[in-house]
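K.L.:
Encoded as structure tokens, here's the structure I'll be asking about.
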């Protein structure tokens, strides 16, 4: 049981300046969150807007330094506030972003997007970089002709595949995925989720998957962490959490999620017909 | 008798690479007091079709239809003046991004009173009172204070309630909601959908709900139209659609729902469409 | 994958992008006209030696102040007449195009490079770097451009090079501001964060990731500054501080022709018209460029 990533008592504060004459306010976006993920598993972080999930994602992805708490990657404590990240550590944790239309540089060709991480972090020669990039492109289901194209020539689902390919170029141990399928159509979402499952099997990847969509979480998660207002209100294995949610907020989330079972629809339709019949004599 | 009848609607856009057909021969009809859900993915033309009805498409769009009749009025041949009497009064619309749909430079009170005064001819005092009434009806607490707020000071859910208030101000007979909850959190989505259903019952209006979310369809619709790449794929009442979908695209959509997953791979649309192609 | 893929080579992609741009650009008729006029000017400037019927410095002593050919007393060999020392107006105007274009290109290049560099630093780093840089830019902006150019030229001495440097310094803040605003907007976008996660350092982020995405407003500003540069150098030339006689720069020609406004209208009006037409064409083209390059205006 190797822990790829572990966080203890993580907090993040934002200083909001209130103009020239007032003191700046401090907003605590993440309050004392603990979590741990084993190799090959998927931790889903569930929360709504304002819950701090994106802030937490940025801490886990080693983009922002936490205001407090300890983050350990592969057993090593990492503190980017104190020391710049080594190429080695940077390669261990990579990220896939939510917005397929914003996370790729509009002026960069897809091939260059994929080769850039190698160019920055490894001494690989140009043709080897190109080979690796082309191989990864094929792995995510695109074709060599796509190498020279610009992002705006692709659909949302294809762009997300490119983003996933980019994240995998450095052979990371951990992939942080911030709502990767939320902006995609349902059918495309299915394709991307399948791709993520395949890649996880092939490369023994560990995922931290952030989502607000409980049906997606139920499908892909091994463990779930529910975040509300910066606090981890509930966490545990998926089946246990879905079978018996303990915290009130979790229960509220479940209650709010639309149900698509035929039985539920039948019940609702009958209720409405009765209500309508009561209105008109 | 149907409230809105559309037959063979086609919308084409002039683009730099030639004409693009966004809607291709679609028939839609809504009866009074009915909730119709138009479901489809991006590129299905679901929003464009309704924008064509409202007359909100840009000049680069060409709208043709055999019939586009609302309550006996022919929407295709009416004059602008006649159109303005219907659109915004009897037929209203709410959009996907609530904060962006409101003018950021004016208070929400100003915006709703503007509609009441210029569209419905009320004077300032009556408009204010009616605005408070409407805010109460859509569940905004402390309406008098909130009327003085700017859109950026309100949450997405509250802004959507303001939009709904503006939309029902004229007691419309048909409300078109274009992905009203897509940009909102799931708990807020529940509240807004409940509110819409509540208002629909209370005011007896017909509701066309455009969405890509099958969950929303399951919870709200009486009848469903499924669109794909500009064409209508299937039309059925909601129970039949979920229980016994006829069209392969509909079946693909339903199977792609993670909650319907059997095994560890989700079937994709391509799987279904390919199966259909084989004899 | 159910989509059909079209094999597109690099060249085909470039052609597609150009075709897209042309589609939006040609919707603005004025801009298209401006573009053709500007291209005509470029042709004139480049092939001036070949096109001009006479040498612009050649003085024909027997044809002083000859009117244009359609007027009484005009000669066909001097289509647009001659000036006070007998030089052919048409040839001088055509060679003047060389000066104007040269001035425009040099001024805009200097201002662009300096302004982009300064704006990048200010926008990317923010904080005190931003404050210091922007206040210096504000000081430059506080001076009326012509006045500052005059002062600089007075200090450095009259001449075309000094005039160009002076004008370039004065235009720099415009580019710096634009770049800074664009960088501040792009800095928070997800693809920049993605580049950071890929390990990009500050230099790479500034120049390779963010800068290419800030170019659209800069291109438009460059076009407009081009025409302003033409105007300003003509003004300086008119004041005797720019290109010195016998250079056939349009503004200098105007300065020499002041006394002939009533006697020989063509010596004054024609250079003035040349300036007017060039500036108008470039501005129209700049408008069209802005409309075509602004993604928010795309309507389909």
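The values are calculated or read from the model by the stated rules, or taken from the named source; none is laboratory data. Computed from a prediction, not measured in an experiment: that's the story for all the values here. Backbone-built Cβ (ideal geometry, glycine too); neighbour counts: all protein chains shown.
K.L.:
On the given criteria, is residue C:52 without any contact (Cβ under 8 Å) to a residue 40 or more places away in the chain and either out of contact with any helix residue (DSSP H, G or I) (no Cβ under 8 Å at 6 or more places or on another chain) or farther than 30 Å from residue C:290 by Cβ (or both)?
P.N.:
It is false that residue C:52 is without any contact (Cβ under 8 Å) to a residue 40 or more places away in the chain and either out of contact with any helix residue (DSSP H, G or I) (no Cβ under 8 Å at 6 or more places or on another chain) or farther than 30 Å from residue C:290 by Cβ (or both).
K.L.:
Please pick out the residue among B:209, B:175, B:196 that is more than 13 Å from chain A (Cβ to nearest Cβ) and within 20 Å of residue A:264 (Cβ to Cβ).
P.N.:
B:196
K.L.:
Restricting to region C:213-244, name every residue that is within 14 Å of chain A (Cβ to nearest Cβ) and over 21 Å from the mean Cα position of the chain (by Cα). Don't jump to the end; show me each part of the working.
P.N.:
Here is the first cut: in region C:213-244, the residues within 14 Å of chain A (Cβ to nearest Cβ) are C:213-216, C:218-219.
The answer is C:213, and nothing else.
K.L.:
Right, something else. Look through region A:245-281, keep the residues that are outside any helix (DSSP H, G or I) and touching a helix residue (DSSP H, G or I) at 6+ places or on another chain (Cβ under 7 Å), and return whichever of them is nearest to residue B:239 (Cα to Cα). Working first, answer last.
P.N.:
Taking region A:245-281 as the starting set, the residues that turn out to be outside any helix (DSSP H, G or I) are A:245-247, A:257-261, A:280-281.
This time we only want the ones that are touching a helix residue (DSSP H, G or I) at 6+ places or on another chain (Cβ under 7 Å), so: A:245, A:257-260.
Working: A:245: 29, A:257: 19, A:258: 15, A:259: 13, A:260: 10 Å.
Once the filter is applied, the top-ranked residue is A:260.
K.L.:
Hey, any hits in region B:140-163 for a residue that's in contact with a strand residue (DSSP E or B) (Cβ under 9 Å, 6 or more places away or on another chain), closer than 23 Å to residue B:187 by Cα and in the same structural domain as residue B:101 (by TED's automatic domain parsing)?
P.N.:
yes
K.L.:
Here's another thing I want to ask about it. Between a first residue in region C:196-210 that is more than 7 Å from every other protein chain (Cβ to nearest Cβ) and a second residue that is in a loop (DSSP other than H, G, I, E, B), which pairs have beta carbons less than 8 Å apart while being 6 or more apart in sequence or on different chains?
P.N.:
C:208/C:200
K.L.:
Which number in (1) touching a strand residue (DSSP E or B) at 6+ places or on another chain (Cβ under 6 Å); (2) facing chain A (nearest Cβ under 10 Å); (3) over 24 Å from residue B:51 (Cα atoms) marks the one condition that residue B:247 misses?
P.N.:
So residue B:247 meets the others, but not (2).
K.L.:
Sort through C:233, C:248 and tell me the only one that's part of a helix (DSSP H, G or I) and crowded, with 22+ Cβ neighbours inside 10 Å. Lay out the reasoning, then the answer.
P.N.:
Values: C:248 fails: part of a helix (DSSP H, G or I).
Just one listed residue meets the conditions, C:233.
K.L.:
I've got another one for you. Across region A:149-183, what is the total count of residues that are assigned to a helix (DSSP H, G or I) and either farther than 21 Å from residue A:107 by Cβ or modelled with pLDDT of 90 or more (or both)?
P.N.:
Selection size over region A:149-183: 12.
K.L.:
Let me ask another. Considering each of C:25, C:38 in turn, give the residue that is in contact with a helix residue (DSSP H, G or I) (Cβ under 8 Å, 6 or more places away or on another chain), surrounded by 15 or more Cβ atoms within 10 Å (Cβ to Cβ) and more than 29 Å from residue C:166 (Cβ to Cβ).
P.N.:
Unique residue meeting the criteria: C:25.
K.L.:
Continuing with the same structure: Can we say residue B:36 is more than 14 Å from chain C (Cβ to nearest Cβ), over 30 Å from residue C:18 (Cα atoms) and modelled with pLDDT of 95 or more?
P.N.:
yes
K.L.:
Failed condition for residue C:129, given (1) in contact with a helix residue (DSSP H, G or I) (Cβ under 7 Å, 6 or more places away or on another chain); (2) touching a residue at least 12 places away in the same chain (Cβ under 8 Å); (3) more than 14 Å from every other protein chain (Cβ to nearest Cβ), with all others met?
P.N.:
It fails just one condition, (2).
K.L.:
Confirm whether residue A:149 is farther than 27 Å from residue B:229 by Cα and more than 14 Å from chain B (Cβ to nearest Cβ).
P.N.:
On the way: farther than 27 Å from residue B:229 by Cα: no; more than 14 Å from chain B (Cβ to nearest Cβ): yes.
The answer is no for residue A:149.
K.L.:
Among the residues of region A:141-148, is any surrounded by fewer than 20 Cβ atoms within 10 Å (Cβ to Cβ), free of Cβ contacts under 8 Å to residues at least 12 places away in the same chain and not in a helix (DSSP H, G or I)?
P.N.:
yes
K.L.:
Does region B:130-152 hold any residues that are surrounded by 12 or more Cβ atoms within 10 Å (Cβ to Cβ) and in a helix (DSSP H, G or I), and which are they?
P.N.:
Those that are surrounded by 12 or more Cβ atoms within 10 Å (Cβ to Cβ) and in a helix (DSSP H, G or I): B:130, B:131, B:132, B:133, B:134, B:135, B:136, B:137, B:143, B:146, B:151.
K.L.:
If only one of C:215, C:205, C:141, C:156 is within 22 Å of residue A:62 (Cα to Cα) and surrounded by fewer than 20 Cβ atoms within 10 Å (Cβ to Cβ), which one is it?
P.N.:
Working: C:215 fails: within 22 Å of residue A:62 (Cα to Cα); C:141 fails: within 22 Å of residue A:62 (Cα to Cα); C:156 fails: within 22 Å of residue A:62 (Cα to Cα).
The unique qualifying residue is C:205.
K.L.:
Can you confirm whether residue A:245 is at pLDDT below 90 and more than 10 Å from chain B (Cβ to nearest Cβ)?
P.N.:
no
K.L.:
Does residue B:201 satisfy being farther than 26 Å from residue B:43 by Cα and either facing chain A (nearest Cβ under 10 Å) or in contact with a helix residue (DSSP H, G or I) (Cβ under 6 Å, 6 or more places away or on another chain) (or both)?
P.N.:
yes
K.L.:
Any idea which of (1) at pLDDT 90 or above; (2) within 13 Å of chain B (Cβ to nearest Cβ); (3) in contact with a helix residue (DSSP H, G or I) (Cβ under 7 Å, 6 or more places away or on another chain) is the one residue A:186 doesn't satisfy?
P.N.:
Result: residue A:186 passes all but (1).
K.L.:
Next up: Here's a check for you: in region A:61-115, which residue that is out of contact with any helix residue (DSSP H, G or I) (no Cβ under 9 Å at 6 or more places or on another chain), in a loop (DSSP other than H, G, I, E, B) and touching a residue at least 40 places away in the same chain (Cβ under 8 Å) is surrounded by the most Cβ atoms within 10 Å (Cβ to Cβ)?
P.N.:
The selected residue is A:67.
K.L.:
Take the residues of region B:42-59 that are within 14 Å of chain C (Cβ to nearest Cβ) and part of a helix (DSSP H, G or I): which is nearest to residue B:13 (Cα to Cα)?
P.N.:
Across region B:42-59, the extreme among qualifying residues is B:48.
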